[in-house]
Every structure is written in C-alpha cells, then in structure tokens.
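The values are calculated or read from the model by the stated rules, or taken from the named source; none is laboratory data. Note that the structure is predicted; figures quoted are calculated from it, not measured. As a convention, Cβ positions derive from the backbone with ideal geometry for all residues, glycine included, and neighbour counts pool all protein chains shown.
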Amino acid sequence: MKCCVCFKKTKGLLPCQHCVCLQCRETIYYSVSITERPIQFSEIVCPEWPLTDKHHDKYEAFRETWLDKKNSYVKLIKIRNNLKSIRPDWMETETFLKYKNELLLFEADCAKLEKAWKEYQENIDIHKICPLCTDYYLHGQIKVCKESLLS
C-alpha cells in the first residue's frame, strides 16, 4: 500500500483506515511541536573518568554532599573553588580538574537540554484526529473521525 500523503510504500494505518506512512502519521495525526526539536542529553558525550574506580566512588560521595547539579556552571565552579581546602590531593591534579570542568559543562548542558525538551514536549499539539477525514463526530469531549468509530 502507498501512503496517501507522500505516496511512499507503507504498512501503517490510522484508526479510520487511511493508509499513511509513519512519518506522515506522526506529522498529521499526532501533530508536531511548534519549536525545533532540541538534542537529547544522550546525544552529547559525557567525559570519561580519568582515575581509578576507588577514586570515583569517593568523588561521587563528595559530589553528592557538596555539589547540586541544579546550580549553574558558574555557581558550581565557585562552589568547587571554595571547597579546595577540604578536597583530597588527587582532586587537585591537572587531569582531575580538566575532567571536572568538562563534567560541570556536561551537567550544565544536560540541565539546559532537559528544560528545552520539556518546552518542546509542552508545545506538541496531540489532537489524534485524522486530517484526511472530513466528517467528525463529537465523542465525549474528543473529536474523533467518523470512520474510526465505525471500525
């Protein structure tokens, strides 16, 4: 079967039996967001841990105690610098500080992307009405396609 919108071969059917490909179905049946799709935090690379696993566990405990991911990058850097006197020596190495700066940037980017995704998802208009059908019944408070009620 061919999509009746873009004429590509498809197996997808709307509830009203219109043959529509997956891309067209998402666009016309579920609608699209009015904002551009942001990248997901899983699409950006997290810096790799440069030290031993023993240090990793100690750092995670330190981080949970002192650093809140919800703070901005600038604030996290200030907090990190103020904690210099209580950090162990291995947290002062150039390798670790480079990793820490990359990690703080990564976490700040993730927080921004999470906010952007929330905004993106709030702007999606999910109407679930087949735009190819012209006859609609009011079913409860949701408009549904006449053909989907018959199937």
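How many residues are surrounded by 14 or more Cβ atoms within 10 Å (Cβ to Cβ), more than 12 Å from TYR59 (Cα to Cα) and either basic (Lys, Arg) or out of contact with any Phe, Trp or Tyr (no Cβ under 8 Å at 6 or more places or on another chain) (or both) if we restrict to region 94-105?
3
Across region 106-134, which residue is modelled with the highest pLDDT among those that are touching a Phe, Trp or Tyr at 6+ places or on another chain (Cβ under 9 Å) and among the β-branched types (Val, Ile, Thr)?
So, considering only residues that are touching a Phe, Trp or Tyr at 6+ places or on another chain (Cβ under 9 Å) and among the β-branched types (Val, Ile, Thr), the one modelled with the highest pLDDT is ILE124.
Out of everything in region 71-85 that is part of a helix (DSSP H, G or I) and of a type outside the set (A, V, I, L, M, F, W, C), what residue ends up being surrounded by the fewest Cβ atoms within 10 Å (Cβ to Cβ)?
From region 71-85, those part of a helix (DSSP H, G or I) are 73-82, 84-85; that's our starting set.
Filter again for of a type outside the set (A, V, I, L, M, F, W, C), leaving 73, 75, 78, 80-82, 84-85.
On the way: TYR73: 16, LYS75: 14, LYS78: 12, ARG80: 18, ASN81: 8, ASN82: 10, LYS84: 9, SER85: 5.
Filtering first and then ranking leaves SER85.
Looking only at region 86-126, how many residues end up being assigned to a helix (DSSP H, G or I) and within 21 Å of ILE39 (Cα to Cα)? Before the answer, list the steps.
Let us first name the residues in region 86-126 that are assigned to a helix (DSSP H, G or I), namely 86, 89-92, 94-122.
Keeping just the survivors that are within 21 Å of ILE39 (Cα to Cα) gives 102-122.
Qualifying residue count, region 86-126: 21.
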